[in-house]
Structures are given as structure tokens and as C-alpha cells.
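Worksheet: one structure, shown below.
The values are calculated or read from the model by the stated rules, or taken from the named source; none is laboratory data. Only a predicted model underlies this, so the values are computations on that prediction, with no experimental measurement involved. Please note: Cβ atoms are built from the backbone with ideal geometry, for glycine as well, and neighbour counts cover all protein chains shown.
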Amino acid sequence: MSDVDQSAVRERILERFTRWLDEALAQEEPPSGIAPELFAEGKPTPEEDPRDLYSLWAAATALTQEIKLQGRAFKELSDTLGPGVKAALEAQPQILSELRATRAAEIKRAAWQDILDLLLDLRDRLQRGLSSARAHVAKKTGLWERLLRRPHDATEALVKGYELTLVRLNEALERNDVHEIACAGLLFDPHRMRAVEMEVRPDVPDGTVLEVYRAGYEWNGDAVRPAEVKVARGQTENDHGE
Amino acid sequence: MVSDDLIVGIDLGTTNSEIAAFVEGRVQVLGPGATRMLPSCVGISPSGALLIGESARNQQILYPERTVRSVKRKMGSPETIRLADRTFTPQELSALILRELAEWGTRSLGRPVRKAVITVPAYFSDAQRNATREAGALAGLDVVRIFNEPTAASLAYGHGDGRRRTLMIYDLGGGTFDVSIVTTEKDVTEVLASHGNTQLGGDDFDQLLLERLLAAIQNRHGIDLRQGHRVAN
């Protein structure tokens, strides 16, 4: 290829590159936040039209250099932040998954709490019924009747029925990790018991549970219903409260 | 939403307190249990453990000198409150309740709760509002606004169509009863008047119902359940 041909090809390449650059920039919105006069200042006057070979070559070289610098800066940034960003991106699904699991557990717990309240109320009623029935049987069954081993009457059958139902209910509760809170004779625990009555009793340690008025229950280690108890106080202090 | 953008709303009540946040497009009351209410009660157990909420309320009958309720009534006053061998200001006790609520929020949302709007009765004085703000700061919260309770209620129930309305808002709490007349228009709520009874609430209704039942049982069956009858247990 002659020098003249080479020169013509170079001219054509540069002309096409210049045209492409102008078209590409014309399609883009100018960056926001930059005053319009700054753009006006950047536009070349007819006298300093940069579309000569030297200016274009210098601009292309500067652009290449800028791209190299940007590439290096990006690599440094990537190396610095890489592990953290990667960990964060990897952790995000895990965090979302944990949050969903927490929410699902909350919903499940709320639904189960309703059923549990019903079951515990049923258990309380059955226990009260059993106590009454047992008291009735004990009253009706005197010494002679016990000695003569009278056949079971309806009340005794009722007691048996209560007992069987309670055993079945207790098994179901135990299987679901619901346990009655042990209270009687133990020290008062405000996280699992509610004091509904207090009695001054110097003969027992302060805070001893004297009587359980209503059983409490815990589920998975948390008190779902505190036990209502009567508690001993060795000696009352003066009230300083509110 | 990053943690710092999250602002929770706190109802620091006389009897019970609650925390809520606007998440996933709706207001959600946060916290454990079915009611998600924290009794506004603070106590110290005989072993020296700090009790906040239900555990404190559970010991109130047993250790009244170690338990305090209705701290809100004392907010803004120079009064101090003695619990066991320690003395607290009302702000400090309220801060314990606020901190517990913030922990509820953090656990429910899975991110730290740092900013809060706290509601107060419309009739609260500047001193009472400042005390509430101070309690929030003591709890480690950035209290971005102290909001009138009736204003919060009007925003919750009347927000939307932008029309001007004059409303009566009543707040029947456990220990107090407040009534406010407000006008709302677009996002602006103006409290025209507010008044209340700080010694009247749902607890008083419960007590009256109980007395009525006791009297009815005594009249019909001749049994006085106040005298420690087994059934009353």
C-alpha cells in the first residue's frame, strides 16, 4: 500500500471514529448536576476545531490511558471490597431466609398459641371436674361400703372417664413439649409464676410457693401461661412503691 | 431499607406499652406473645434482678415495695421512686420500658432499632414531653419526634382522602381516659381541645364488674367470695 493510500485510509478511519463519537455523545443525556455553561465552554470554537489528526490521536491516547487507570482503580477496589461484598451478597439470601423462618415461626406460634390456650383451658376444667367427682366418691363411699367392695357406681365411672381423658390430653401436651410448671414448695419465679395472694409465714423461707391456684405451662422452655400462686413472705417491708 | 432509615412508633402507656413499625407496606405491632403488649411495670426481685413488663407485674402483689406501675403519671415531676434499696427518676424507669420495647423491635425485625417516634397525651406539658424525650435518649433511642396520641390516632384512621374533618378521638386505656377534638386535613392534624381523667380506665371497669359479680353471688347464694372462699381461688 502506498503512502498516499495509507494516509487516505487513516483519514477515513479517523473520520468514521469522529462521527461515531459525535453520534454516541449526541444520544446521551449530559450528566446531571453540571451547569450548562460548562458544556458550552467545552465546545470547540471553529478556530480550535480538534478534528485534526494530532488532536484526535492525543484524545484517543488520553482515553486509552484513562481506561487503563480506571481499570486499575476498579481492580484495586474489587480486591479491597471483594471479599466483603461477596460475603454480603452471599449472606443476603441467608438473612432473608432467616427472617422468613422467624416470621413463619411467629405465625406458627400464634396459631399454636390459640389451640394451646383452648387445650389448657380444657385441661383445667377436666381437672376441676375430676377433683369434684373424686370428692363426691369419697363422701359417698363410707368405710362399710369400701369393705363390702360395692360395684362402681356412675360417679366412679365418671372419675375413670375423667382420668383417661386427662392422661390422653397430658400425653398430647407432653409430645408437643408443653409441660406444667412445677411450683408448689419452690421459690417464687416471676418469669413463670404470678403471685395472686401473699401470706406472712415466718415458718417458711421468704418467697416459697404455698399453693397453686391455677397451673402454669411452658412450651419449649417459655412460659405460655404463668402459674397463679399463693406465696409466703417471711416479713413484709414498708411499702415505698409509687 | 437500611437500619438507620427505620423509625418505630412507641405508645408509652400508663398501663401497657407497645411498639410498631411500618414494614412490608403495613403497620405491624412487634413483640412476643398474643397481645404484643408490655405491661408498663418495672421491678427488682429479691435477688436483685431487674424485671420489666410481665415478670415485674407478676411479683407486684408479693413485693409491692420492689415494683412500680403507672410511671407515666410521674413523668416531668421532680419526684423519685424507690425500688428496694435503689432510687430512680421517672425518666429512668420509662427508659427501661422503652429499652425493652426496642429489644422486642430488634428481635422481630432482625435489625437494630435506633430511631423512634413516641406518643404522649395531648395535654402533656413541655416538662412532661422533655422527660419523655429524655427517657428515649436514656434508652439509647434517637427520638425523632414526640407525637400527640390523638394526632397519631387520627393519622392511623383518617389518613387518605385529604378532606377536612373534625373528629372526636377517645383513648380509653387501662388507667387513663382521654378525649380530644381534632381537625384533620391532608397530612395536617390540629388538636383543638384535649382533656381526660388520669385516674379512670379499663382497670376501674374490671373492678366494678368484679364487685357487681361478688354482690350478685352473695345475694343469690349467700356466699361472700371476698372471705377467702375456696371457689374464689
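On the stretch given as region B:36-80, residues that are touching a helix residue (DSSP H, G or I) at 6+ places or on another chain (Cβ under 6 Å), free of Cβ contacts under 8 Å to residues at least 60 places away in the same chain and of a type outside the set (Gly, Ala, Ser) total 8. Scan region B:1-26 for residues that are in a strand (DSSP E or B), within 20 Å of B:GLY136 (Cβ to Cβ), among the hydrophobic types (A, V, I, L, M, F, W, C) and touching a residue at least 24 places away in the same chain (Cβ under 8 Å) and the total you get is 5. Taking the listed residues B:VAL179, B:VAL231, the one that is modelled with pLDDT under 85 and among the aliphatic types (A, V, I, L, M) is B:VAL231, with no other qualifying.
Applying a threshold of 9 Å to beta carbon distances and a minimum spacing of six or more residues, or different chains, the list of pairs starting in region B:109-129 at a residue that is more than 10 Å from B:ALA21 (Cβ to Cβ) and ending at one that is of a type in the set (Lys, Arg) reads B:VAL117/B:ARG145; B:ILE118/B:ARG133; B:ILE118/B:ARG145; B:VAL120/B:LYS72; B:VAL120/B:ARG129; B:PRO121/B:LYS72; B:GLN128/B:LYS72. When restricted to residues that are at the interface with chain A (Cβ under 9 Å from one of its Cβ atoms), surrounded by fewer than 20 Cβ atoms within 10 Å (Cβ to Cβ) and under 29 Å from B:SER108 (Cβ atoms), region B:27-48 contains 3.
Matching residues to (1) away from chain B (no Cβ under 12 Å); (2) modelled with pLDDT under 90:
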site: A:VAL204; (1), (2): yes, no
site: A:TYR217; (1), (2): yes, no
site: A:ALA223; (1), (2): no, yes
site: A:ALA227; (1), (2): no, no
site: A:LYS230; (1), (2): no, no
site: A:ASN238; (1), (2): no, yes
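Any residue at all in region B:49-66 that's surrounded by fewer than 20 Cβ atoms within 10 Å (Cβ to Cβ) and more than 8 Å from chain A (Cβ to nearest Cβ)? Checking region B:49-66: at least one residue is surrounded by fewer than 20 Cβ atoms within 10 Å (Cβ to Cβ) and more than 8 Å from chain A (Cβ to nearest Cβ). Here B:GLN199 meets the list (1) closer than 28 Å to B:GLU100 by Cα; (2) at pLDDT below 85; (3) assigned to a strand (DSSP E or B) almost entirely, failing just condition (3). Screening B:PRO90 with (1) surrounded by fewer than 23 Cβ atoms within 10 Å (Cβ to Cβ); (2) free of Cβ contacts under 8 Å to residues at least 60 places away in the same chain; (3) more than 9 Å from every other protein chain (Cβ to nearest Cβ) gives one miss only, at (1). Answer yes if at least one residue in region B:75-89 is assigned to a helix (DSSP H, G or I) and on the phi < 0 side of the Ramachandran plot, and no otherwise. For region B:75-89, residues assigned to a helix (DSSP H, G or I) and on the phi < 0 side of the Ramachandran plot: absent.
Every condition in (1) within 21 Å of B:ASN16 (Cα to Cα); (2) modelled with pLDDT of 90 or more is met by B:ASP142 except one, and the failing one is (1). The listed residues are B:ALA127, B:ALA153, and the only one of them that is part of a helix (DSSP H, G or I), at pLDDT below 90 and among the aliphatic types (A, V, I, L, M) turns out to be B:ALA153. For the condition of a type outside the set (Val, Ile, Thr), modelled with pLDDT of 95 or more and part of a helix (DSSP H, G or I), B:GLU92 qualifies.
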